[in-house]
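Colleague: Handing you a structure now.
The values are calculated or read from the model by the stated rules, or taken from the named source; none is laboratory data. None of these values were measured; they are calculated from a predicted model. Glycine also receives a Cβ, built like all others from the backbone with ideal geometry; neighbour counts cover every protein chain displayed. For the accessible areas, the whole protein counts, side chains as well, though only heavy atoms, and no ligand, DNA or RNA atoms are used. Shrake-Rupley method; radii C 1.70, N 1.55, O 1.52, S 1.80 Å.
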Amino acid sequence: MSGGGEWSVVQRRGTALVRRRGALVNWRAFAAAVPLVVAVNFSPLSAQEGNSAERALGRALELEGENKCREAIPLYRQAIVVEDPTSAVLGLERCYHMVGRPDSLIPLLDTLLIRRGKDPTIRSIQFRTLSIAHRDLDLQKAFNEWVALDPTRPQPYREYARVLLESGRARGADSVLQQALQALGTTRDVAAEFAQMQAALGLWVQAAQSWREAAQVLSYLDQAAAFSLLGTPEDARDSVRAVLRDAPVELAARRILSILELRWRAPREAWSALADLPVNDSTVVAWSNFARDAESSESWLIARDAHVAVAAAKPNEWTHRTRAATAALNGGDPQSVLDVLRPLATTKDSAVFSAAALLRIKAYGLLGRPAEISSLLRDARIAEDHEALRQGRLALSWSWIRVGKLNEAREALTLAGEDSEESERIAAWLALYEGDLATARQGLRRTDGSSGDAVTAMALLSRTRQDSVPAVGLAFLALARADTASAARQFEEVSALLPDAAPLLLGLAARLFVERDTTRAVVLWQRILDEHGTSPEAAEADLEWARVLRRRGAKDAAIARLEHLILTYPASALVPQARREIDVIRGAVPSNGEVT
């Protein structure tokens with residue numbers, strides 16, 4: 001039913017919504033009211049009266065939207081006389097709800113139900129109104145009256161159970177649903193209500209089974225199901241997973257599981273729930289939606305995998321490949337960018353080629369392959385695109401850095417121009433690699449510091465007052481070139497040149513050594529504890545040393561190190577981790593929950 005002016009009322013999945021200039025607003029967002037006279041004339045309306053009622057409804061909605069609900073009430077009352085009064089009654093429900101007088105609507109509902117006894121919307125409003133007014137006996141009576149009209153219809157059981165669940169009466173809802181099962185002979189039409197009730201009672205496996213059944217009937221229930229099952233405790237989650245994974249393979253059940261796994265912070269398992277579905281249009285839509293959700297949660301490599309699956313199913317839609325490549329870049333896997341984009345390397349479409357080429361250039365930059373970047377930049381389709389050319393030269397600069405050629409990197413940066421945040425960032429890193437700590441200190445402070453190397457560099461620059469130390473630059477350059485062995489040795493050596501930052505440099509060297517030379521790492525941790533026992537790195541040295549000992553099987557020695565940390569550095573932020581490590585060693589908590 002549409003009203004005058006800019007308002008109208010629509011129904012979506014059983015929920016009343018108000019539309020204003022294209023925006024949908026749930027009725028619960030709306031406003032106030034006064035008592036309503038119940039004497040209503042329901043005789044057939046003339047055309048003029050019908051038009052007047054329609055205008056009254058439109059104006060009432062406008063007033064309600066302006067929070068002028070007391071003025072809206074008489075107009076809603078005027079509109080109630082139309083053939084289908086649903087919109088007007090919903091407006092009155094909203095208004096009475098806001099002023100805290102829901103029972104003022106009850107006499108009118110009783111009158112309306114004389115001629116519209118089977119109207120599910122009016123009955124639902126009645127149930128809600130009686131529940132809010134805490135008139136439980138009248139609510140039970142209203143339910144019995146609705147059931148008596150047709151005991152085999154699911155709506156009365158469904159609506160009553162929902163009202164009871166919303167008011168926290170899960171066991172009452174259980175009784176109603178058991179009555180529905182006897183009357184209907186199946187839970188199919190009330191499966192969602194069964195699922196909500198079971199979840200409220202902590203019957204997680206049964207709830208998962210009911211949600212699976214309900215989602216087969218109404219596929220849009222996947223979000224509601226996931227929300228309901230989100231509170232499943234750890235020890236019951238595998239059982240819930242089994243229910244949703246069991247044969248036969250069903251898209252709706254797998255979508256529920258996928259949403260749950262994402263919210264349980266298990267993105268790889270979330271993708272696994274969808275990855276083996278039979279390829280069809282519905283599956284591809286599910287994969288696309290999942291990729292978007294994975295991007296939103298910054299699970300980049302999982303998003304990449306989902307986009308690759310969509311691209312394989314839709315080979316003519318190239319955007320899925322570029323989105324997969326972008327996700328791979330964000331996830332720090334430049335090699336897979338090249339693999340994903342290989343089919344686009346020979347395309348004749350200039351726009352597609354340019355979009356893919358720029359992503360390939362960025363990947364080559366991270367991989368330290370300047371020759372490939374230079375080759376792509378000579379392609380006319382890139383050379384004619386000023387922005388693509390600029391970004392390509394920035395990537396070329398990074399690529400030269402990663403092979404240790406700073407002069408070439410600076411030349412590429414100059415060609416790109418120094419009028420962007422990224423160019424400023426590269427210039428700051430070049431200063432650091434050349435040992436110009438003063439310039440690097442100012443530049444990195446203004447640019448993004450989210451990467452691990454950036455955090456390390458900024459920590460060092462904040463710990464020392466020296467402005468020029470070429471050896472520091474060489475150590476960071478070795479790290480940028482992924483030469484961790486050389487970087488570890490150089491950070492250890494340069495610690496002697498920067499006594500004010502020595503413990504930080506020794507700790508950094510130890511972290512780089514630990515993967516290939518744990519003995520050397522232990523020597524450095526011992527130095528930190530002996531020579532810099534009051535530094536922030538001392539507690540970290542104890543913790544990392546203990547972890548090495550535990551991996552070697554030296555449990556008692558590991559516990560001794562952790563106890564040393566707890567007793568010597570009680571104010572350290574690492575103390576909770578140390579206590580957890582001790583619990584892991586002693587078997588108090590599962591080792592797979594370890595914080596490493």
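Colleague: Which one of these is in a helix (DSSP H, G or I), among the hydroxyl-bearing types (Ser, Thr, Tyr) and either without any contact (Cβ under 8 Å) to a residue 12 or more places away in the chain or within 23 Å of Val455 (Cα to Cα) (or both): Thr534, Thr519? Before you say what the answer is, go through the steps one by one.
Modeller: Values: Thr534 fails: in a helix (DSSP H, G or I).
Being in a helix (DSSP H, G or I), among the hydroxyl-bearing types (Ser, Thr, Tyr) and either without any contact (Cβ under 8 Å) to a residue 12 or more places away in the chain or within 23 Å of Val455 (Cα to Cα) (or both) holds for just one of Thr534, Thr519, which is Thr519.
Colleague: From the list Lys314, Lys362, which one is closer than 30 Å to Tyr433 by Cβ, among the charged types (D, E, K, R), open to solvent by 60 Å² or more (accessible area, probe 1.4 Å) and touching a residue at least 24 places away in the same chain (Cβ under 8 Å)? Even if it seems obvious, please write down each step before you answer.
Modeller: Values: Lys314 fails: closer than 30 Å to Tyr433 by Cβ.
Answer to the selection: Lys362.
Colleague: Kindly indicate whether any position in the stretch 335-348 is under 30 Å from Gly368 (Cβ atoms), assigned to a loop (DSSP other than H, G, I, E, B) and free of Cβ contacts under 8 Å to residues at least 12 places away in the same chain. Can you show your working first?
Modeller: Taking the stretch 335-348 first, the residues under 30 Å from Gly368 (Cβ atoms) are 335-347.
Next cut, assigned to a loop (DSSP other than H, G, I, E, B) only: 345-347.
In the following step, the residues that additionally are free of Cβ contacts under 8 Å to residues at least 12 places away in the same chain were identified as 346.
For the stretch 335-348, residues under 30 Å from Gly368 (Cβ atoms), assigned to a loop (DSSP other than H, G, I, E, B) and free of Cβ contacts under 8 Å to residues at least 12 places away in the same chain: present.
Colleague: Ala496 passes all but one of (1) under 25 Å from Ala427 (Cα atoms); (2) free of Cβ contacts under 8 Å to residues at least 24 places away in the same chain; (3) part of a loop (DSSP other than H, G, I, E, B); which number fails?
Modeller: Going through (1) under 25 Å from Ala427 (Cα atoms); (2) free of Cβ contacts under 8 Å to residues at least 24 places away in the same chain; (3) part of a loop (DSSP other than H, G, I, E, B) one by one, Ala496 breaks only (1).
Colleague: Any chance the stretch 469-483 includes a residue that's modelled with pLDDT of 90 or more, more than 19 Å from Asp517 (Cβ to Cβ) and either basic (Lys, Arg) or open to solvent by 70 Å² or more (accessible area, probe 1.4 Å) (or both)?
Modeller: Checking the stretch 469-483: at least one residue is modelled with pLDDT of 90 or more, more than 19 Å from Asp517 (Cβ to Cβ) and either basic (Lys, Arg) or open to solvent by 70 Å² or more (accessible area, probe 1.4 Å) (or both).
Colleague: Considering (1) in contact with a helix residue (DSSP H, G or I) (Cβ under 6 Å, 6 or more places away or on another chain); (2) in a helix (DSSP H, G or I), say which one Ser572 fails and leave the rest.
Modeller: Checking Ser572 against (1) in contact with a helix residue (DSSP H, G or I) (Cβ under 6 Å, 6 or more places away or on another chain); (2) in a helix (DSSP H, G or I), the one that fails is (2).
Colleague: Name the residues in the stretch 68-99 that are among the small types (Gly, Ala, Ser) and under 36 Å from the mean Cα position of the chain (by Cα), would you?
Modeller: Residues satisfying the conditions are Ser87, Gly91.
Colleague: Could you tell me whether the stretch 125-136 includes any residue that is touching a helix residue (DSSP H, G or I) at 6+ places or on another chain (Cβ under 9 Å), more than 29 Å from Ala60 (Cβ to Cβ) and open to solvent by 10 Å² or more (accessible area, probe 1.4 Å)?
Modeller: Yes, the stretch 125-136 contains a residue that is touching a helix residue (DSSP H, G or I) at 6+ places or on another chain (Cβ under 9 Å), more than 29 Å from Ala60 (Cβ to Cβ) and open to solvent by 10 Å² or more (accessible area, probe 1.4 Å).
Colleague: With the condition being of a type outside the set (Lys, Arg) and modelled with pLDDT of 90 or more, I'd like the helices (runs of 4 or more DSSP H) fully within the stretch 350-398 carrying at least 2 qualifying residues. Break it down stepwise before answering.
Modeller: Working: elements: 350-367, 370-377, 380-383.
Because the criterion is at least 2 residues that are of a type outside the set (Lys, Arg) and modelled with pLDDT of 90 or more, the helices (runs of 4 or more DSSP H) in the stretch 350-398 that meet it are 350-367, 370-377.
Colleague: Condition first: open to solvent by less than 50 Å² (accessible area, probe 1.4 Å) and free of Cβ contacts under 8 Å to residues at least 40 places away in the same chain. Now tell me which residues in the stretch 392-411 satisfy that. I'd like the intermediate steps shown before the answer.
Modeller: As a first pass, look at the stretch 392-411 and keep what is open to solvent by less than 50 Å² (accessible area, probe 1.4 Å): 392, 394-399, 401, 404, 406, 409.
Correct list: Gly392, Leu394, Ala395, Leu396, Ser397, Trp398, Ser399, Ala409.
Colleague: If you don't mind, another one. Kindly state which helices (runs of 4 or more DSSP H) lie completely within the stretch 158-254 and contain at least 2 residues that are free of Cβ contacts under 8 Å to residues at least 24 places away in the same chain and polar (S, T, N, Q).
Modeller: Values: elements: 170-184, 191-200, 204-217, 222-229, 234-245.
Hits in the stretch 158-254: 170-184, 204-217.
Colleague: Whether any residue in the stretch 236-244 is out of contact with any strand residue (DSSP E or B) (no Cβ under 6 Å at 6 or more places or on another chain), under 20 Å from Ala313 (Cα atoms) and not hydroxyl-bearing (Ser, Thr, Tyr) is what I want to check. Step through it out loud before you land on a result.
Modeller: Pass one, the stretch 236-244, residues out of contact with any strand residue (DSSP E or B) (no Cβ under 6 Å at 6 or more places or on another chain): 236-244.
When the remaining residues are screened for being under 20 Å from Ala313 (Cα atoms), the result is none.
Taking every residue of the stretch 236-244 in turn, none turns out to be out of contact with any strand residue (DSSP E or B) (no Cβ under 6 Å at 6 or more places or on another chain), under 20 Å from Ala313 (Cα atoms) and not hydroxyl-bearing (Ser, Thr, Tyr).
Colleague: Of all the residues that make up the stretch 114-124, how many are surrounded by 15 or more Cβ atoms within 10 Å (Cβ to Cβ) and either polar (S, T, N, Q) or part of a loop (DSSP other than H, G, I, E, B) (or both)?
Modeller: Counting residues in the stretch 114-124 that are surrounded by 15 or more Cβ atoms within 10 Å (Cβ to Cβ) and either polar (S, T, N, Q) or part of a loop (DSSP other than H, G, I, E, B) (or both) gives 4.
Colleague: Listed residues Ser239, Ser175; which is more than 28 Å from the chain's Cα centre (by Cα), open to solvent by 50 Å² or more (accessible area, probe 1.4 Å) and among the small types (Gly, Ala, Ser)? First the steps, then the outcome.
Modeller: Details: Ser239 fails: more than 28 Å from the chain's Cα centre (by Cα).
Among Ser239, Ser175, only Ser175 is more than 28 Å from the chain's Cα centre (by Cα), open to solvent by 50 Å² or more (accessible area, probe 1.4 Å) and among the small types (Gly, Ala, Ser).
Colleague: Which one is surrounded by the fewest Cβ atoms within 10 Å (Cβ to Cβ), of the residues in the stretch 63-113 that are among the basic types (Lys, Arg) and not in a helix (DSSP H, G or I)? Working first, answer last.
Modeller: Looking only at the stretch 63-113, we keep the residues that are among the basic types (Lys, Arg), and these are 68, 70, 77, 94, 101.
Within this subset, residues satisfying the condition of being not in a helix (DSSP H, G or I) are 68, 101.
Numbers: Lys68: 14, Arg101: 16.
Ranking the candidates gives Lys68 first.
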